[in-house]
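A quick write-up on the structure given underneath.
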C-alpha cells in the first residue's frame with residue numbers, strides 16, 4: 001500500500017509538470033480519462049501587450065526565459081484562486097474556473113485573479129523587461145474534456161463563452177483598459193467593484209455585449 005501511494009504521488013508530481021496538478025489528480029482518479037461535461041464556467045483569457053515587437057529584439061533564449069518567468073507568476077495566481085490554466089497559446093493563457101474543479105464562487109475568484117495578475121505584472125520585471133497584459137473575463141456554458149489525438153490528449157474547454165473572453169481581451173485595445181469583464185460574470189460577483197464601460201459590438205455576435213472593467 002505504501003509503495004502504491006508513493007508511485008501515485010510520483011506520477012501526480014511528474015504529470016503535474018505538463019498539466020495542472022488538479023487535472024493530473026483527476027486523471028489518476030479516473031484511470032486517465034476525464035469524462036466530457038457541459039457546465040457553467042468563468043473563463044479568463046490573458047495576453048501580453050506589444051509582445052511581438054519585443055520578441056523581435058530578443059534572442060530566442062531570452063524570449064523563452066521571459067515567457068517562463070511570466071507564465072510562472074500567472075499560473076501561481078490562477079491556481080491560488082482555484083482556477084486551472086488549460087492552455088498556453090504563444091504569449092497568452094486560457095484559464096478556467098469551476099471546471100474541472102467545482103467552485104460556487106468561480107466568478108469572483110476569476111475577477112480576483114485578474115486584478116492580482118494586473119498588479120503583479122505592473123509591479124515587477126520579467127527577465128529584465130517590463131510587461132503589460134490585457135485580460136478578458138466571461139462566464140457561460142462550456143464543453144470540457146480531453147481533446148487531441150490517440151495517445152496524446154489535452155484537457156481543454158470549448159464554446160462561445162471561451163471565444164467571448166478572448167474577444168474581450170482584444171477589445172481592451174479600443175477602450176484603453178487592461179481588464180474587460182462581461183456582464184455575465186459581473187452579475188455573479190456583485191461584491192467586486194466594477195465600472196461600467198457600456199455595450200460593445202463583438203465580432204461574431206449579432207447583439208452588443210455589456211462590459212465592465214475593474215474599478216481601481
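Readers should treat all values here as calculations from the given coordinates under stated rules, not as data from a laboratory. Since this is a predicted model, take the numbers as computed values, not measurements. Here Cβ is always computed from backbone atoms with ideal geometry, including for glycine, and neighbour counts include all displayed protein chains.
With R₀ fixed at 25 Å, the C-beta to C-beta distance from residue 119 to residue 173 puts the FRET efficiency at about 0.80.
Spacing of the modelled spin labels on residue 147 and residue 79, each 7 Å from Cα toward Cβ, amounts to 2.4 nm. For the range 140-211, the relative contact order comes to 21 percent (Cα pairs under 8 Å, sequence separation of at least 6). Descending by average beta-carbon neighbour count within 10 Å, the peptides 203-210, 156-163, 89-96 line up as 89-96, 156-163, 203-210, the highest first.
Quote the FRET efficiency, to the nearest 0.05, computed for residue 65 versus residue 206 with a Förster distance R0 of 35 Å and r equal to the Cβ-Cβ distance. Efficiency, from the Cβ-Cβ distance: 0.20. Exposure proxy for 194, 164: other Cβ atoms within 10 Å of each Cβ, ordered fewest to most, give 194, 164.
Computed from the C-beta positions of residue 37 and residue 57 and an R0 of 45 Å, the FRET efficiency is 0.55 to the nearest 0.05.
Label zone of residue 101 (point 7 Å out along Cα→Cβ, amide N under 15 Å): in the range 113-150 this covers 113.
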